Amino acid sequence: MNPPSTSQESQTGHGTGVFVGLPSFPVAARESTRDGQLRANLRHATHTIRAKRAVAIGELSDWGELRAAGAAIKDHTLAHLDHYLQQLEQAVTAAGGHVHWAADADEANRIVTDLVHATGETEVVKVKSMATQEIGLNEALAAQGIRAYETDLAELIVQLGDDRPSHILVPAIHKNRAEIRDIFRTQMAAWGRPAPQGLSDEPAALAEAARLHLRQKFLHTKVGISGANFMVADTGTLVVLESEGNGRMCLTLPETLISVVGIEKIVPTFRDLEVFLQTLPRSSTAERMNPYTTMWTGTTDGDGPKTFHLVLLDNGRTDTLADTVGRQALRCIRCSACLNVCPVYERAGGHAYGSAYPGPIGAILTPQLRGTATELDASLPYASSLCGACYDVCPVAIDIPDILVHLRQRVVQGGPVTQAGQRVTIKPARGHTTEHAAIRASRYAMGRPAAWAAAQRLATGTRKLHPRSLPIRTAKAWTDTRTLPQVPDQTFRQWWKQHTKNTNPDPGSTTPGGAR
Amino acid sequence: MRVALFLTCVNDLLFPDTGRAVVRLLERLGVEVDFPMAQSCCGQPHYNTGYRHETEPLVRGMAAAFAGYDYVVTPSGSCVAMVRDNYPRVAARARAEGRPDGRLDRAAETLVPRTYELTEFLVDVLGVTDVGAYFPYAVTYHPSCHGLRMLGLKDRPLKLLSAVEGIELRELPGAEECCGFGGTFAVKNSDVSAAMGQDKVRNALDTGAGVLCGADNSCLMHIEGIVRHEHAPLHTLHLAEILASTREQPYRPPVSEAKIR
Amino acid sequence: MTNTTGSSSRAEILRRVRQALGTTTATAAPTPEDIARDVPRDYATTHATRTPLQTADLLAEHLADYRAHVHRTDAAGLAATIARLLTERGSRTAVVPAGLPGDWLTDARALDVDVVTDHPGLTPVELDAVDSVVTGCALAIAETGTIVLDASPDQGRRALTLVPDHHICVIRPEQIVESLPQALPRLTPTRPQTWISGPSATSDIELDRVEGVHGPRTLEVVMVASDAQVTDFPG
Ligand code: SF4
């Protein structure tokens, strides 16, 4: 399950480094679908939250309106993003914060590392942040001698277990309570206070163990690192939603706070939060409201960190914005509802998606943030049966199936895209030549009634010769688990000709537009 | 009322029984139905695999094949969803790429409002829920994703089924979950696809029903593939064949298939 | 110092954004009218019509749903209630923000609870040694069961309500609103805020919620009834 250590190093240039060299989705999913324990853990967790979410959403009679408003606020912001970024920068600066701009992961990592070095500290406490996962910040800090302590319970489990996160909200969703207890028992000592003697696998006991393990770190560590759920442009206010209080600890107690936030996290005004604070908690943890939300604006004398740095992260977001279909993905508020309803995620698990963003959102975001050049990233848009459950639950109405298909087009057809701010035209990804030829041939036949009828007759005429299973690779993918359908001895259109001859001898009925 | 049957390429070749059932059903309800020979494929497989450009000729072909009909009725929710959701996109995106094509625009404009999924046509256009069918078996219904989410067929299929004489409907646990077919997904991600299908079959077997009914043969083909691979005691059947079955002319499973439980 | 690092990236990111939006110059600042046109706000202001008492009941119910302990009293009974909660818990020390109304803790003091008033020298480690914290709040939201603290004098800095394991929070009747859309206009965005909905919790183990992680594990909410409600809730 653990990636080899070489893959932990940060890649140079655009994109993210933590997940390089991973196999394509279908290859990874082959392993995970066969892991019975993993399947059971994911099934249990996702089905639990699915049912609860439905109840929480059901309480709001205006869910549809809130969803539309959320989508519209995000679209409006994106359409004026340059304005809102500058407005935000001005407001944060005026409130005593420092704003930094990072074009890619490496630059963001460098900025944060330098900021930590400047404090003279070698340890930081972190509150779970997708952006820092995405850029591989912990690994970059470690390379510079800085130890980052993850404080979110699930992140802690992942960190102690030398594992990778597999869910946006609950990165250790793939672990059950017994596995978590074992990780705590064996690994906590190496990172600080050991697990209590005789630790049970009761969730409450595990939570208590985490509390004891992290308490001293919270009270003494001088630098905190976070992301943010929202940034309010006109006031410079940052917002973090959480449950455990580790966020409050990291955001409040350290002397220096560094927040790394994607540029798409902006909302124009404070009022806009009235939409997202209703939709986000209900979509993610299925609660009316999450236990804790912290809002801060720059620095405040005598309350919280004395120094605040905001690192604004691009890392492929502007490239995503350049795609008029794909840019919807930037509305995402990382609620994870789409993961929790996704039948593919439920069976393949989060690791198969090979990035910080698993599930349906990962399948549309990663190939946009990183491009489709690697086999893994080109396979992600296909990691869906297009069932549409994700679109149904998405609180900002991202049409995920549409974007998936759109990105499939990018993979097989190539075309104009933006990469690191440069407009380029990409070629179709490798490995699709045969498929394209078959698609073209079928389209050719289907576009010509006579050719199509002949092809069908060929299929029915040779039906006795059809095997029950097929040796070639694509066909084998079907027949390993499914028996091929039998081709009947007559196509419908052959029957229809007889049928109309019997009931109505007028041959005109079969010409286009020639209804009786 | 000029009604054309758009049977879909998969049904034409692999499931002609469904086509015959639709014709029988509609004729029994007094609808004269035509099958324009120029039809082939709506382009869904091409489009969903990423070959949007290859889809364009098929979109134009569909418009030509079904020109002049008041209604285009199809027993495949996913093909209706292709027309309704994606034909306008095919046209709009060709335009956005600097290749405006009036025929694509018109194909979307003319086909979208006239194309009906079978149960929509029965309930909304003909206004019937009791089609006079007879089917004395225990049946569980799988609402395919396109019908459930894209088209919002809601309870139309179940209304039609519950009016069938002799039927015993059993609720399918996890009914709203995808069966795992997903077109080329079934081969590109065959492991996940099969895992989803196996769960669907297990849920169907848990109902104790002998028949798993659906309104989309693509999904049923995948599910049936698993059923037969695992020799499971389940018979997959398109809704149209249940609705076409009457006391006078009851449904008869093809001889090669297992007896219905 | 606006921009310690990445100043060329600032220009580059803004250029990329504009290129993505199909323009080379800065997009115009949207006016409030632009926002109003772009964003439909036909969602509900509240999700039911309620009397103030019903709203208070809903708040109590929703706070309790997420395992806050709710106590209801009137103004006259407040000090006694706080004292009772502290002694029942066995708290020997309590910290309070500098602006907490002086009479709230009179009964507790009389029962020998050591009440410390917060001051800038009080470190997190020292706060960790305190048993309880008592504060007011900025407002409370009934539909979500949320208390909002905004660091006003009766609430104090954020660390105060974070480190001690036991938080007693007093809500006065005029501070209760029904919904999010009613709450936000009453808040000053730039004040440091903590929104609290129940004690600390986690869903990180099998997506099942358990209470009690890093924040205060016990949250006690004292709802003070308005004079009109006193007859319903004798102190
Ligand atoms: S895509 Fe939508 S449902 Fe998925 S995490 Fe983002 S906001 Fe939530």
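The values are calculated or read from the model by the stated rules, or taken from the named source; none is laboratory data. Here the structure is a predicted model, which is why all the values come from computation and not from measurement. All Cβ positions, glycine included, derive from the backbone under ideal geometry; neighbour counts span all protein chains shown.
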Practice task
Return yes or no: is residue A:240 at pLDDT 95 or above and away from the ligand (no atom under 16 Å from the Cβ)?
Solution key: yes
Completion exercise
Exactly one of A:270, A:230 is in contact with a strand residue (DSSP E or B) (Cβ under 7 Å, 6 or more places away or on another chain), within 8 Å of chain C (Cβ to nearest Cβ) and at pLDDT 95 or above, and that residue is A:270
Completion exercise
Per the list (1) among the charged types (D, E, K, R); (2) closer than 29 Å to residue A:39 by Cα; (3) modelled with pLDDT of 95 or more, residue check on residue B:165 breaks on (2)
Practice task
Take the residues in the stretch A:387-400 that are outside any helix (DSSP H, G or I) and crowded, with 24+ Cβ neighbours inside 10 Å, then tell me which one is farthest from the ligand (Cβ to nearest atom).
Solution key: A:387
Completion exercise
Restricted to the stretch A:295-332 and to residues being farther than 21 Å from residue A:425 by Cβ and acidic (Asp, Glu), the residue nearest to the ligand (Cβ to nearest atom) is A:314
Exercise for the section: Pick out, from the stretch A:71-186, the helices (runs of 4 or more DSSP H) lying fully within it that include 3 or more residues that are aliphatic (A, V, I, L, M) and touching a Pro at 6+ places or on another chain (Cβ under 9 Å). Expected result: A:153-160
Practice task
Could you tell me whether the stretch A:333-346 includes any residue that is buried (at least 24 other Cβ atoms within 10 Å of the Cβ), at pLDDT 95 or above, within 16 Å of the ligand (Cβ to nearest atom) and aromatic (Phe, Trp, Tyr)?
Solution key: yes
Problem - Subset of the stretch A:355-381 [β-branched (Val, Ile, Thr), in a helix (DSSP H, G or I) and either within 12 Å of the ligand (Cβ to nearest atom) or within 14 Å of chain B (Cβ to nearest Cβ) (or both)] - result: A:361, A:364
Practice task
Answer with yes or no whether residue A:52 is part of a helix (DSSP H, G or I) and more than 9 Å from chain C (Cβ to nearest Cβ).
Solution key: no
Exercise for the section: Please specify each residue of the stretch A:109-161 satisfying the condition of being touching a residue at least 40 places away in the same chain (Cβ under 8 Å) and more than 25 Å from residue A:294 (Cα to Cα). Expected result: A:139, A:140, A:143
Practice task
Out of A:287, A:346, report the one residue that is within 10 Å of another protein chain (Cβ to nearest Cβ) and part of a loop (DSSP other than H, G, I, E, B).
Solution key: A:287
Problem - Hits in the stretch A:401-440 (condition: among the polar types (S, T, N, Q), buried (at least 19 other Cβ atoms within 10 Å of the Cβ) and assigned to a helix (DSSP H, G or I)) - result: A:409
Completion exercise
Reported set for the stretch B:178-221 where residues are charged (D, E, K, R) and buried (at least 24 other Cβ atoms within 10 Å of the Cβ) is B:200, B:216
Exercise for the section: Could you tell me whether the stretch B:125-147 includes any residue that is farther than 30 Å from residue A:439 by Cα and part of a helix (DSSP H, G or I)? Expected result: yes
Fill in the blank from the handout: Note: among B:192, B:187, just one is in contact with a Gly (Cβ under 9 Å, 6 or more places away or on another chain), free of Cβ contacts under 8 Å to residues at least 24 places away in the same chain and not assigned by TED's automatic domain parsing to the domain that holds residue B:84, namely B:192
Fill in the blank from the handout: From the option list B:97, B:117, single residue qualifying as among the acidic types (Asp, Glu), surrounded by 24 or more Cβ atoms within 10 Å (Cβ to Cβ) and either free of Cβ contacts under 8 Å to residues at least 40 places away in the same chain or not assigned by TED's automatic domain parsing to the domain that holds residue B:219 (or both) is B:117
Exercise for the section: Just name the residue that is farthest from residue A:338 (Cα to Cα) out of those in the stretch B:137-177 that are surrounded by fewer than 19 Cβ atoms within 10 Å (Cβ to Cβ) and in contact (Cβ under 8 Å) with a residue 60 or more places away in the chain. Expected result: B:165
Exercise for the section: For the stretch C:1-108, please list each of the helices (runs of 4 or more DSSP H) lying entirely inside it that holds at least 2 residues being surrounded by 15 or more Cβ atoms within 10 Å (Cβ to Cβ) and among the basic types (Lys, Arg). Expected result: C:7-20, C:78-89
Exercise for the section: With the condition kept exactly as written, say whether any residue in the stretch C:38-61 is within 24 Å of residue A:234 (Cα to Cα) and more than 9 Å from every other protein chain (Cβ to nearest Cβ). Expected result: yes
Exercise for the section: May I ask you to verify whether residue A:352 is buried (at least 24 other Cβ atoms within 10 Å of the Cβ), within 13 Å of the ligand (Cβ to nearest atom) and not assigned by TED's automatic domain parsing to the domain that holds residue A:68? Expected result: no
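Conditions (1) free of Cβ contacts under 8 Å to residues at least 40 places away in the same chain; (2) out of contact with any strand residue (DSSP E or B) (no Cβ under 7 Å at 6 or more places or on another chain); (3) over 27 Å from residue B:99 (Cα atoms), marked per residue:
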position: A:371; (1), (2), (3): no, no, no
position: A:390; (1), (2), (3): no, yes, yes
position: A:399; (1), (2), (3): no, yes, no
position: A:404; (1), (2), (3): no, yes, no
position: A:415; (1), (2), (3): yes, no, no
position: A:422; (1), (2), (3): yes, yes, no
position: A:428; (1), (2), (3): yes, yes, no
